[in-house]
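The values are calculated or read from the model by the stated rules, or taken from the named source; none is laboratory data. Small disclaimer: the values here were computed from a predicted structure and weren't measured. A quick note on method: Cβ atoms are made from the backbone with ideal geometry, for glycine too, and the neighbour counts reach across all protein chains shown. Please note that ligands, DNA and RNA were not included when accessible areas were found on the heavy atoms of the full protein model with its side chains. Shrake-Rupley method; radii C 1.70, N 1.55, O 1.52, S 1.80 Å.
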Amino acid sequence: MDGKRNLDILTDYVSVPQLNSGKNYNITGFLRGGTVFGRLLTKIVGSKNERELKRLESYLKEINNLEESMVKLSDGELKAKTPYFREKLQNGTELTDIMVEVFAVAREVARRTVAMRPFDVQILGGLVLHEGKIAEMKTGEGKTLAATLPIYLNALTGRGVHVITVNEYLA
């Protein structure tokens, strides 16, 4: 991508652009209608998508800031993070409170185990999925890799995680 991340959100539906195209696959939303007022209001306050993206980017920055420290951890130290996170949850910490560090750990584990480092757009997709929304990504955009981040986070509770896909080869 050209450094600009676009994310389209309509209620519980999110569209993530292709990584390298720079194109934004918009979904028609309430303010994206054909009215002059709607277009003007969107230009002034931004679309729901732009506001949501700004909110998610704060998490993304925090995750990216942890990357250097995660790279320095040994395999054993990374492995020890799982019981550490579980203990925190048992002591009353909320998932959102550990989400940034969990995503940073999952990114590093993916880099080491499958030689695939989740890109920022995949992290954004994972954040969206964690919030229970749908992330739309085009073919080859790394949906499976993006899904591993919230799967790991939510599996830490010990209650199990269900993944639903329409792709037969992933089922």
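Look at segment 144-167: where a residue is touching a residue at least 24 places away in the same chain (Cβ under 8 Å) and a partner is open to solvent by less than 40 Å² (accessible area, probe 1.4 Å) and among the polar types (S, T, N, Q), sitting 6+ places away or on another chain with Cβ atoms under 8 Å, you get Leu145/Gln122; Ala146/Gln122; Leu149/Gln122; Leu156/Thr82.
Under the condition of being modelled with pLDDT of 90 or more and outside any helix (DSSP H, G or I), which residue from segment 132-160 is nearest to Phe103 (Cα to Cα)? Among them, the one singled out is Leu156.
Taking segment 136-171, which residues are among the small types (Gly, Ala, Ser), over 17 Å from the mean Cα position of the chain (by Cα) and either under 25 Å from Glu108 (Cβ atoms) or open to solvent by less than 40 Å² (accessible area, probe 1.4 Å) (or both)? Even if it seems obvious, please write down each step before you answer.
Initial filter on segment 136-171 (among the small types (Gly, Ala, Ser)): 140, 142, 146-147, 155, 158, 160, 171.
Next, from what is left, pick out any that are over 17 Å from the mean Cα position of the chain (by Cα): 158, 160, 171.
Gly158, Gly160 - these are the residues of segment 136-171 that are among the small types (Gly, Ala, Ser), over 17 Å from the mean Cα position of the chain (by Cα) and either under 25 Å from Glu108 (Cβ atoms) or open to solvent by less than 40 Å² (accessible area, probe 1.4 Å) (or both).
So Val71 passes all but one of these: (1) closer than 21 Å to Phe119 by Cβ; (2) surrounded by 15 or more Cβ atoms within 10 Å (Cβ to Cβ); (3) hydrophobic (A, V, I, L, M, F, W, C). Which condition number does it fail? Only one criterion is unmet by Val71, namely (2).
Note on segment 113-135: among residues that are aliphatic (A, V, I, L, M) and farther than 19 Å from Lys61 by Cα, the one that is surrounded by the fewest Cβ atoms within 10 Å (Cβ to Cβ) is Ala115.
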